[in-house]
Amino acid sequence: MLDRFPRSCYYVNASYNKISCSWKKTKTNVSPGITPGLFSFETQKKREFMDFKEFNLNEKVAAGVVAAGYTTPTPIQAQAIPSVMQGRDVMGLAQTGTGKTAAFALPILHRLMQGSHGHVRALIVAPTRELAEQIHVSIGELGKQTRLKSVTIYGGVNVNPQIEKLKRGVEIVVACPGRLLDHINQKTINLSHVEVLVLDEADHMFDMGFLPDIRKILGHLPRKRQTLLFSATMPEEIRRLAHDVLTDPITVQVSNTTAPVTVTHALYPVGEHLKTPLLLNLLKHTDTESVLIFTRTKHRAKRLGEQLEKAGYKAASLQGNLSQNRRQAALDGFRDGTFQVLVATDIAARGIDVSQISHVINYDIPNTSEAYVHRIGRTGRAAKSGDAFTLVTGEDTVMVRTIERALGSQLERRTVPDFDYHVTAPKKDSEFARPPRQPQQRRGEGGKKSVALGRPPAPASKTRPTSSGRSYQQSGKPAHTTNAPPPRFKQPRNAG
Ligand code: AMP
């Protein structure tokens, strides 16, 4: 397999936060998941400041860049755009939040300005409806002056408007795999003119079981085409897919295990039964703009959303059990400020691009360090600053250490001075219990969560966390003061 793998690949490890700084190619800093030697490396010239003008984009596309307010290409854009414009296949190791959408959208728009219009020439496949919509919106913004048309194709909504739009003629299709296959099978889409294929968030498509669908879709595309594959991580299945679909690719990486430096992290050790009161305390005493909260399960997202609403917050939940319309309403409401707080599961929050998220709060710690980086990547976007709080119980010790190892530093443990950590757990924790009418409880949805999982920190303690991460007791710096201001949503955040 190795000798069949494309040999000429650039490897660029660039931090998104160093947009205007130089960045250097590193041969040794190989991302976990990339087998050293699988790719051969060519020296990437050290780049200094770069300007969008250097890409020589079609003037109508360049106008879209100006309208979007982009001045400096992000590292993934600086590295990928020239190669995509040359027609090269690209393997982009980058997550949402790095500017990867424009990294493929701009050269695609540029390319489509030449040649005929009215048939599908670019196909972008994404794992979720939300991401598909976001890509479609970005293309609409960046390509406003181009007269190129894009359509989204995903399930859970009426198929007829999609068929109508396809009939009228579009150049770009942004699709989720399942509904796209339906259109292919119903012959309501013609993919024989596709020149560029983008597989976005390929690792999530794999997580969601879409790889067989992707392979079926590939069978309906012209063999001669340009393919761009974006993935935040490189599990073996994605490596194999990349091997099968990419020809002589350039590989571009924006460090995916490094959280943006624009985000500050803090752990809040607490007993499981005190998570909600602590969350309410944090919301009350923190100057926030928009807050995205993550839970482990759909059920917990729904319940927590309801609890926050009861507590007076304009909150919504975003989880897979909602209809597409309600999901979109939650997302739109969060984006336009109708909802100050959105409680979501990992899958539902994939690719959420809401620029003003000031805080990500992990009500439940994620299962992997990659998921942590993904979650906190929802804040601190495009070089804005953000805060990531994670509520941790004693059971989360191993995961905390895994995350710290991945980030390469120990996270600050905080205690909230005015919070009573000594409230004992109720004998039966009914907080996330399902209503009695529901006969079965789904696995992992936390209805019978055990109680008193964490050892609550002693508020006055100055004990530093041990390197083993076993003790969460520490607070060198008080995280909050008792006379802190009430929540100030919709106001500019303090620069500091
Ligand atoms: P993405 O990773 O494509 O989801 O992009 C994340 C966010 O960064 C989006 O809100 C984009 O509008 C924004 N963005 C993309 N490229 C740039 C850029 N060159 N300068 C500033 N913001 C950007």
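I need the helices (runs of 4 or more DSSP H) fully contained in region 267-355, keeping only those with at least 1 residues that are surrounded by fewer than 20 Cβ atoms within 10 Å (Cβ to Cβ) and without any contact (Cβ under 8 Å) to a residue 24 or more places away in the chain.
Helices (runs of 4 or more DSSP H) meeting the threshold: 298-310, 324-336.
So which residues in region 51-92 are surrounded by fewer than 24 Cβ atoms within 10 Å (Cβ to Cβ), more than 15 Å from the ligand (Cβ to nearest atom) and either under 25 Å from the mean Cα position of the chain (by Cα) or among the basic types (Lys, Arg) (or both), if there are any at all?
Across region 51-92, the qualifying residues are LYS60, SER83, ARG88, ASP89.
Mind listing whichever residues of region 74-97 are modelled with pLDDT of 90 or more and either part of a loop (DSSP other than H, G, I, E, B) or over 22 Å from MET205 (Cα atoms) (or both)?
If the condition is that a residue be modelled with pLDDT of 90 or more and either part of a loop (DSSP other than H, G, I, E, B) or over 22 Å from MET205 (Cα atoms) (or both), then GLN77, ALA78, GLN79, ILE81, PRO82, SER83, VAL84, MET85, GLN86, GLY87, ARG88, ASP89 are the ones that fit.
Is there a residue in region 235-251 that is of a type outside the set (S, T, N, Q) and either touching a Cys at 6+ places or on another chain (Cβ under 7 Å) or not assigned by TED's automatic domain parsing to the domain that holds GLU171 (or both)?
yes
Of the conditions (1) within 13 Å of the ligand (Cβ to nearest atom); (2) of a type outside the set (Ser, Thr, Tyr); (3) buried (at least 24 other Cβ atoms within 10 Å of the Cβ), PRO107 clears all except one; give me its number.
In the conditions (1) within 13 Å of the ligand (Cβ to nearest atom); (2) of a type outside the set (Ser, Thr, Tyr); (3) buried (at least 24 other Cβ atoms within 10 Å of the Cβ), PRO107 misses (1) alone.
Just checking, how many residues over region 151-210 are under 20 Å from ALA105 (Cβ atoms), over 20 Å from the mean Cα position of the chain (by Cα) and of a type in the set (Asp, Glu)?
Matching residues across region 151-210 total 2.
Does GLY69 count as farther than 16 Å from LEU131 by Cβ, at pLDDT 95 or above and not hydrophobic (A, V, I, L, M, F, W, C)?
Against the criterion (farther than 16 Å from LEU131 by Cβ, at pLDDT 95 or above and not hydrophobic (A, V, I, L, M, F, W, C)), GLY69 does not qualify.
If GLN186 satisfies every condition in (1) more than 22 Å from LEU221 (Cβ to Cβ); (2) free of Cβ contacts under 8 Å to residues at least 40 places away in the same chain but one, which is the exception?
Among (1) more than 22 Å from LEU221 (Cβ to Cβ); (2) free of Cβ contacts under 8 Å to residues at least 40 places away in the same chain, GLN186 violates only (1).
Could you tell me which numbered condition ASP346 fails, if it satisfies all but one of (1) at pLDDT 90 or above; (2) out of contact with any Phe, Trp or Tyr (no Cβ under 6 Å at 6 or more places or on another chain); (3) more than 16 Å from the ligand (Cβ to nearest atom)?
All conditions pass for ASP346, except number (1).
Just to be sure I understand the filter: pairs with C-beta atoms under 6 Å, separated by 6 or more residues or on different chains, first member in region 212-229 and assigned by TED's automatic domain parsing to the domain that holds HIS183 and outside any loop (DSSP other than H, G, I, E, B), second member acidic (Asp, Glu) and modelled with pLDDT of 95 or more. Which pairs pass?
Pairs found: THR227/ASP89.
What number of residues within region 390-418 satisfy the criterion of being basic (Lys, Arg) and assigned to a loop (DSSP other than H, G, I, E, B)?
1
Starting from region 137-155, take each residue that is free of Cβ contacts under 8 Å to residues at least 60 places away in the same chain and list its partners that are part of a loop (DSSP other than H, G, I, E, B) and of a type in the set (Val, Ile, Thr), counting only C-beta distances under 6 angstrom and pairs at least six apart or across chains.
Every condition considered, the pairs that remain are LYS149/VAL170; VAL151/VAL170.
What pairs come up if the first residue lies in region 90-119 and is of a type in the set (Phe, Trp, Tyr), the second is within 16 Å of the ligand (Cβ to nearest atom) and in a helix (DSSP H, G or I), and their beta carbons are under 8 Å apart, counting only those six or more places apart or on different chains?
From residues that are of a type in the set (Phe, Trp, Tyr), the pairs are PHE104/ALA80; PHE104/VAL84.
Kindly list the number of the only condition in (1) of a type in the set (S, T, N, Q); (2) modelled with pLDDT of 90 or more; (3) crowded, with 17+ Cβ neighbours inside 10 Å that fails for GLN44.
Single failed check for GLN44: (2).
The values are calculated or read from the model by the stated rules, or taken from the named source; none is laboratory data. These numbers were taken from a predicted model, which means no experiment stands behind them. Note that we place each Cβ from the backbone using ideal geometry, even for glycine, and neighbour counts take in every protein chain shown.
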